[in-house]
Amino acid sequence: MPKYFFMISTDPDVDPRKCAVAIACAAEAVTSGHRVEVFFASHAVQLLQAQFIDDLDERVGMALGTCRTVMETLVGGAKIACSTGSQAVVGVTPENASEVLIDPDGLVWSGPTGVVAMSSAADVVLSF
């Protein structure tokens, strides 16, 4: 099975539907048995926040709990990384992550170095 890398950097306040599609595609790759790595950057790091993802359903016209379920599939089966700097901009740090994020324990905090390493090791690269 090929290894997939998803780069998600779309601001969910600008295009929430595109963000929902991004996490759904990544979760489908996990469900299909592929190795998956996802890097959240810019304001897309908000998708890792429990309250934000819970509120996304209404904004994208999905049934309550849909986006959370998709994100839990993704977090449970993929390597998840995020931009440390982007998280700081929205007020999240490794120190307060457990109070805000869905699953901070497995989260890889990184930056451009992580994006380059993860994307260069992938067979398929998708960007949303």
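We did not get these values from a lab; they are worked out from the coordinates using the rules stated. Values in this document were obtained by computation on a predicted structure and should not be read as measured data. Please note: Cβ atoms are built from the backbone with ideal geometry, for glycine as well, and neighbour counts cover all protein chains shown.
Here each label is just a point 7 Å from Cα along the line to Cβ, and for Ser98 and Leu64 those points are 3.0 nm apart. A simple count of charges around Ser9, restricted to other residues whose Cβ falls under 15 Å of its Cβ and scoring Lys, Arg +1 and Asp, Glu -1, yields -3. Rounded to whole numbers, the Karplus 3J(HN,Hα) couplings from phi for the range 38-43 are 10, 10, 9, 9, 6, 6 Hz, using 6.51 cos²θ - 1.76 cosθ + 1.60 with θ = phi - 60°, and x at Gly and Pro. At 25 °C and 0.890 mPa s, grab the translational diffusion coefficient of the range 38-104 from Stokes-Einstein with a Kirkwood Rh over Cα pairs, rounded to a whole number in µm² per second. Diffusion coefficient, whole number: 202 µm²/s.
For the pair Trp109 and Lys3, label points projected 7 Å from Cα toward Cβ lie 2.4 nm apart.
Each residue in Leu64, Leu48, Leu107, Leu101 was given a count of other beta-carbon atoms within 10 angstrom of its own, and listing them fewest first yields Leu64, Leu107, Leu101, Leu48. Computed over the range 3-127, the P(r) curve from all C-alpha pair distances, binned at 5 Å from the origin, holds 2, 12, 24, 26, 22, 11, 3, 0 percent per bin. Extension gain, Val90-Leu126: 0.36 nm per intervening residue step, less the Cα-Cα distance, totals 10.5 nm. Helix screen, the chain: DSSP H segments with Cα axial length of 15 Å or more and mean Kyte-Doolittle hydropathy at least -0.5 are 16-31, 50-60, 66-77.
Taking the helices alone, the chain has a mean residue ellipticity at 222 nm of -13000 deg cm²/dmol, built from -39,500 (n - 2.57) per DSSP H run of at least 4 residues and averaged over all its residues.
Tell me which GluC sites (Glu not before Pro) from the range 24-128 have a DSSP coil assignment and no more than 11 other beta carbons within 10 Å of their own. Here the sparse-neighbourhood loop sites are Glu95. Local charge for Ile80 was computed over the other residues whose Cβ lies under 11 Å away, with Lys and Arg +1 and Asp and Glu -1, and equals -2.
Between beta-carbons, use under 14 Å as the cut-off and find the net charge around Ser119, counting Lys and Arg +1, Asp and Glu -1. Charge balance in the 14 Å sphere: +1.
Structural descriptor for the chain: relative contact order 36 percent, calculated from alpha carbon pairs under 8 angstrom and at least 6 residues apart.
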